[in-house]
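The values are calculated or read from the model by the stated rules, or taken from the named source; none is laboratory data. Note that the structure is a prediction, hence the values are computed from the model and not measured. Cβ sites come from the backbone with ideal geometry, for glycine too, and all protein chains shown count toward neighbours. Calculation scope for accessible area: heavy atoms of the full protein, side chains included, ligands and nucleic acids excluded. Shrake-Rupley method; radii C 1.70, N 1.55, O 1.52, S 1.80 Å.
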Amino acid sequence: VLSNMAGYWAEKGWDITILTLYQGDAPISYDLHPRVVHLDLLKSTLHKSPRPDRQSMQALRQVFKSLSPSERRVFFRDLVLIVALRHAIRGTNPDAVISFIDVTNVYVLLATQDLHYPVIVSERCDPRQGSLGHDGWDRLRERLYPNARHVVVLDHDSLSFFCEEVRQRARVIPNAALPPRPSRFEIESARKKTGRTLLAMGRLDHGKGFDLLLEAFSRVAPRQPSWSLEIWGLGPLRGSLESLASELGLDGRVRFPGFTKNRDDVMQQADLFVI
């Protein structure tokens with residue numbers, strides 16, 4: 001979604017900079033518009049040799065005074081990253097800052113203290129699914145989200161997670177569904193394949209519910225021998241999902257092909273898509 005948005009605005013002539021936190025030298029998964037500038041904090045001089053300026057330290061010191069002990073722990077742990085992010089944002093002198101994903105949103109709201117840039121934070125998953133992994137992060141999100149100009153969520157149900165102050169500045173913007181690109185290779189491959197394919201795609205983590213999909217497929221698979229299941233994507237649960245598929249007796253019926261940039265081509269080969 002981020003790369004699509006950046007490309008759309010770059011095509012209009014806007015100056016777009018994407019800041020990533022931990023990309024390093026790893027390849028970018030999605031192609032960026034040639035006008036889009038990409039900067040990664042792992043490569044920044046400030047991250048390697050932190051020498052924060054006095055203004056940054058004064059702003060962050062004011063924040064620190066109001067934090068609870070659990071908030072202070074996560075704040076101190078990532079202080080160098082927060083300062084490096086603040087420095088990078090100031091360097092672009094943006095008209096607006098758009099942040100993606102819960103913990104990164106907290107980083108950005110800390111880093112932009114007293115900078116007076118309008119910040120839009122975007123929740124990309126269902127916030128009701130659980131905590132951010134540490135009480136300090138949960139408390140910081142609760143504390144800082146009211147400071148955002150707007151909070152973007154994917155559906156109206158997600159709004160119920162937040163307090164009234166956040167809901168008043170929240171906007172529901174679903175993910176875009178872009179029209180697929182035609183692919184001659186894909187059409188020819190589909191004609192040659194045998195059997196039928198049930199397809200799922202996404203990050204292999206708890207929020208996507210692929211464990212439920214495997215259990216559901218195991219109930220119908222014995223009665224539908226021509227069907228197989230493909231789950232595309234990468235993530236921390238790949239090993240446990242593969243083990244679950246084996247425990248459910250789905251050996252040879254389920255594939256985990258990994259990540260692909262050619263989503264349209266893969267989807268057009270499937271007989272049924274499930275999410």
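Some values worked out for this structure:
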| read-out | value |
| --- | --- |
| 0 to 90° range, to nearest 10: angle between helix 102-111 axis and the chain longest Cα axis | 20 |
| Straight-distance crosslink candidates among aspartates and glutamates, where the alpha carbon sits under 16 Å from residue 65 and sequence neighbours closer than 8 are dropped | 114 |
| Theoretical ellipticity at 222 nm over the chain - DSSP helices of four or more residues, -39500 (n - 2.57) apiece, nearest 500 | -11500 deg cm²/dmol |
| Taking region 1-159 and dividing mean pair separation by its residue count, relative contact order in percent (alpha carbons under 8 Å, at least six apart) | 18 |
| For region 62-153, the fraction of alpha-carbon pairs in successive 10 Å shells from zero, as % | 16, 52, 29, 2 |
| Tilt relative to the chain, helix 210-220 - C-alpha long axis, 0 to 90 degrees, to 10 | 10 |
| Aspartates and glutamates whose Cα lies under 16 Å from that of residue 261, excluding same-chain neighbours fewer than 8 positions away | 31, 186, 230 |
| Solvent exposure of region 1-123 as accessible area per residue, Å², 1.4 Å probe | 56 |
| Fraction of accessible area attributable to carbon and sulfur, the chain (%, probe 1.4 Å) | 52 |
| Between helix 2-11 and the chain: long-axis angle, C-alpha atoms, 0 to 90°, nearest 10 | 70 |
| Per residue Cα convex hull volume in Å³ - calculated over region 107-150 | 79 |
| Spacing of the two label points (7 Å from each Cα toward its C-beta) at residue 28 and residue 66, in nm | 3.5 |
| At q = 0.07 Å⁻¹, base-10 log of I(q)/I(0) for the chain (Debye sum, equal scatterers on each alpha carbon) | -0.33 |
| Proximal aspartates and glutamates to residue 208, defined as alpha-carbon separation beneath 13 angstrom and excluding residues fewer than eight positions away on the same chain | 126 |
